[in-house]
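A short write-up of the structure that comes next.
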Amino acid sequence: MLLLAIETKRNQMIDLAEKYGYTSEITVQCSQELDKLLNLAQKSYAVCVK
């Protein structure tokens with residue numbers, strides 16, 4: 001489920017970047033949301049590996 005959310009957010013960010021540019025506020029906000037999802041996934045993975 002988290003991986004699907006990451007992929008969806010990633011695709012959304014790419015679409016926004018193509019439409020509004022990489023430095024537009026909406027693209028940057030989406031990128032920050034993607035970062036949060038990726039951080040969650042990394043933390044979940046780290047817990048599983050221990």
Projected area of the chain, taken from the Cα convex hull and averaged over every viewing direction, in nm²?
3.3
Cut-off 15 Å, label point 7 angstrom out along Cα-to-Cβ of Leu2: give me the residues of the range 31-48 whose amide nitrogen falls inside.
34-48
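None of the figures in this text is laboratory data; all of them are computed from the coordinates on show. Note that this is a predicted model, so its numbers are computed, not measured. In this analysis, Cβ positions are derived from the backbone assuming ideal geometry, glycine residues included, and neighbour counts consider all displayed protein chains.
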